[in-house]
Amino acid sequence: MKQKKVRVLIAKPGLDGHDRGAKVVARFLQENGYEVIYTGLHQSPEQIVNAALQEAVDAIGISVLSGSHNYVFPEVMKLLKERGMGDVVVFGGGTIPEEDIPPLLATGVKALFRPGTPLEEVLEFMKENVG
Amino acid sequence: MNYVEEALRGNQLAGARLIRLLEEGDPQGIEHLKALYPHTGRAFILGMTGPPGAGKSTLVDRIITELRRRDLKVGVVAVDPSSPFSGGAILGDRVRMQRHATDPGVFVRSMATRGHLGGLSRATGEAVLVLDAMGYDVILIETVGVGQDEVEIVDMAHTTAVVCLPGMGDDIQAMKAGILEIGDLFIVNKADRPGADEVVKQLQVMLEMRTAHDQDAWRPPVLKTVAVRNEGIAEVVDAFYTHRDHQERTGILAERKAKRQMHFFRELVKEMAAERIFGVAEGTDHYARMLVDLTARRLDPYTAAETLLDQTLGGGDPR
Ligand code: B12
Ligand SMILES: Nc1nc2c(ncn2[C@@H]2O[C@H](COP(=O)(O)OP(=O)(O)OP(=O)(O)O)[C@@H](O)[C@H]2O)c(=O)[nH]1
Ligand SMILES: [Mg+2]
């Protein structure tokens, strides 16, 4: 009996307490048939990557509204490569200034969604890049 | 990656990906599991069940810490329900356990029920086998928040704890037929709230009735905890081991293990049989006609099922 489901980790890094966006996205993905593992607040990149590893997820979505995106995303990308998890899709969102996005995408992050993004766009991205 | 070799060496990535294969019903996963099987049967398997929000995950988190203090490696399988509408799920048990994410002696895997009833997911048993083979000394299974009938955990765990709450007096009366009977120990969590002692007493009275007639019977202890403040946790872990010792001494552990094995086997046969039978039937004209007749209520489902079985397994007279 084949039961293929897409598994996604939604993570909140660092001291950032803004969890509304992460929860909205998690709920939305659940409603669209995804299995979402939520990490809760205050996660280090190491914790995020280890959780993704143990949960064998297809993708990691990181929500950053604290300004720490330029540290968190590259660190997660680096750890994933070290652990042999280069095939895991990384995406995210939050208050990330427009000009910071291209360099982050260059590290291998697949997409970043800024405040006000319609959730349908996230779904489109998921279908195209994750499954 | 050689899943079997790597999993046996404790490689978490290999173990995680293997569990994923098994969860998806990939036949390759089963081949790997066969190879791992001789290395299973060593772990102490604990079940944690109880109503939604009772504090199961918080307790598991604290119990992990206590077991780690005792130098034991811990695997966790935490089950949450899938949405019957979307098929998706939010698996939130892990939130309470994330502090252990950087400890290589701990492995936490969340699972969605994916329509499986009974409080677990179809592949929970397989995930437990993988963790067992990987060398985790203790494997904790957290069920979905249960009502009454989700008691599949007893077939899986060696020792099962039922988590209760202060103020659920009437509920405990209602519970007695269902999960009250499966507890090897009872935890009254959130004992920082009023009403904990009443629930303890009520449970004790009801458990007394259950075990009064038998001298050797295990008398399930009722323990108070405040999981958020780490109170009463060492006592819970001690009670797990006291129960295990009792089960070993009385031979009940071996009996339970055998029963569990039988249960697992029977479930497998059921699942594989259904898969084969439908696999053979689907696409045949006869089966298509059968479905049409069923839908039109010209054929009753009992006769239909009998006919299908007779045809695929032989023996019967195919009308
Ligand atoms: C609500 C809010 C709060 C609430 C948070 C409640 C909560 N539990 O979430 C409270 C009042 C607690 C709060 C506190 C603070 N806040 Co505040 N807060 C906001 C506010 C007004 C809205 C955020 C929000 O919830 N939006 C609604 C959600 C649904 O939108 P969202 O998170 O942006 O998510 C969308 C997208 O970004 C994207 N997305 C987000 N995450 C993800 C993840 C994935 C995987 C994907 C695909 C998409 C995605 O999709 C979502 C849907 O479109 C913003 C201003 C703003 N315009 O963003 C400031 C803001 C984020 N806060 C700010 C600040 C400074 C603070 C405080 C430090 C203030 C203080 N001095 O105390 C504290 C810090 C608290 C902490 N510990 O982190 C700043 C952050 C500046 C920065 N980035 O450097 C902002 C930008 C305000 C500002 N302009 O200064 N805040
Ligand atoms: N006051 C108090 N709150 C507690 C205690 N233990 C857990 N909680 C809180 O109870 C809530 C639910 O705890 P969980 O551990 O998620 O409960 P659960 O039984 O795993 O929940 P489900 O998996 O959803 O069924 C959380 O907000 C905890 O912080 C306790 O001892 N005292
Ligand atoms: Mg829980």
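Residue count for region B:96-129 satisfying the condition of being touching a Phe, Trp or Tyr at 6+ places or on another chain (Cβ under 9 Å), under 19 Å from B:D155 (Cβ atoms) and at pLDDT 95 or above: 1.
The set of residues from region A:9-54 being acidic (D, E) and under 17 Å from B:P81 (Cα atoms) comprises A:E31, A:E35.
Specify which of the listed residues (A:G40, A:G61) is assigned to a strand (DSSP E or B) and buried (at least 17 other Cβ atoms within 10 Å of the Cβ).
Values: A:G40 fails: assigned to a strand (DSSP E or B).
When all the criteria are applied, what remains is A:G61.
Scanning region A:53-75 for residues that are small (G, A, S) and within 9 Å of chain B (Cβ to nearest Cβ) turns up just one, A:A56.
Number of residues in region B:130-161 that are within 15 Å of ligand 2 (Cβ to nearest atom) and at pLDDT 85 or above equals 9.
Checking B:L117 against (1) part of a loop (DSSP other than H, G, I, E, B); (2) surrounded by fewer than 19 Cβ atoms within 10 Å (Cβ to Cβ); (3) facing chain A (nearest Cβ under 10 Å); (4) touching a helix residue (DSSP H, G or I) at 6+ places or on another chain (Cβ under 9 Å), which single condition isn't satisfied? That leaves (3) as the condition not met.
Taking (1) part of a helix (DSSP H, G or I); (2) over 16 Å from the mean Cα position of the chain (by Cα); (3) touching a residue at least 60 places away in the same chain (Cβ under 8 Å); (4) within 16 Å of ligand 2 (Cβ to nearest atom) in turn, B:S57 satisfies each apart from (2). Listed conditions (1) without any contact (Cβ under 8 Å) to a residue 40 or more places away in the chain; (2) more than 8 Å from every other protein chain (Cβ to nearest Cβ) are all met by B:R94, apart from (2). The residues of region A:26-37 that are outside any strand (DSSP E or B) and either free of Cβ contacts under 8 Å to residues at least 24 places away in the same chain or crowded, with 24+ Cβ neighbours inside 10 Å (or both), listed by number, are A:A26, A:R27, A:L29, A:Q30, A:E31, A:Y34.
Rundown of residues vs (1) closer than 24 Å to A:E128 by Cβ; (2) within 14 Å of another protein chain (Cβ to nearest Cβ); (3) free of Cβ contacts under 8 Å to residues at least 40 places away in the same chain; (4) surrounded by fewer than 21 Cβ atoms within 10 Å (Cβ to Cβ), yes/no style:
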residue	(1), (2), (3), (4)
A:K78	no, no, yes, yes
A:G92	yes, no, yes, no
A:E98	yes, no, yes, yes
A:V109	yes, no, yes, no
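Are there any pairs with C-beta distances below 8 angstrom linking a residue in region A:47-67 that is without any contact (Cβ under 8 Å) to a residue 12 or more places away in the chain to a residue that is among the aromatic types (F, W, Y) and away from ligand 2 (no atom under 16 Å from the Cβ), with the two at least 6 apart or on different chains, and if so which? These pairs meet every condition: A:Q54/B:F107.
Tell me the residue from B:V237, B:V228, B:V222, B:V200 that is within 16 Å of ligand 3 (Cβ to nearest atom) and of a type outside the set (F, W, Y), please. Explain how you work it out, then say what you get.
Numbers: B:V237 fails: within 16 Å of ligand 3 (Cβ to nearest atom); B:V222 fails: within 16 Å of ligand 3 (Cβ to nearest atom); B:V200 fails: within 16 Å of ligand 3 (Cβ to nearest atom).
Sole residue among the options that is within 16 Å of ligand 3 (Cβ to nearest atom) and of a type outside the set (F, W, Y): B:V228.
For (1) within 14 Å of chain A (Cβ to nearest Cβ); (2) under 30 Å from B:L180 (Cβ atoms), each residue gets a yes or a no:
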position: B:L8; (1), (2): no, no
position: B:Q12; (1), (2): yes, no
position: B:P52; (1), (2): no, yes
position: B:G55; (1), (2): no, yes
position: B:T58; (1), (2): yes, yes
position: B:I64; (1), (2): yes, yes
position: B:L72; (1), (2): no, yes
position: B:I90; (1), (2): yes, yes
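Among residues of region A:11-46 being at the interface with chain B (Cβ under 9 Å from one of its Cβ atoms) and aliphatic (A, V, I, L, M), the one that is farthest from A:G131 (Cα to Cα) is A:L41.
Where residues in region B:187-232 are free of Cβ contacts under 8 Å to residues at least 60 places away in the same chain and part of a strand (DSSP E or B), which of them is farthest from ligand 2 (Cβ to nearest atom)?
To start, the set of residues in region B:187-232 that are free of Cβ contacts under 8 Å to residues at least 60 places away in the same chain comprises B:188, B:191-224, B:226, B:229, B:231-232.
Adding the requirement that they be part of a strand (DSSP E or B) leaves B:188, B:222-224, B:226, B:231.
On the way: B:V188: 10, B:V222: 15, B:L223: 12, B:K224: 9, B:V226: 4, B:E231: 8 Å.
The residue in question is B:V222.
The values are calculated or read from the model by the stated rules, or taken from the named source; none is laboratory data. All figures in this text were calculated on a predicted structure; none of them were measured in a lab. Neighbour counts run over all protein chains shown; Cβ positions are idealised from the backbone, glycine included.
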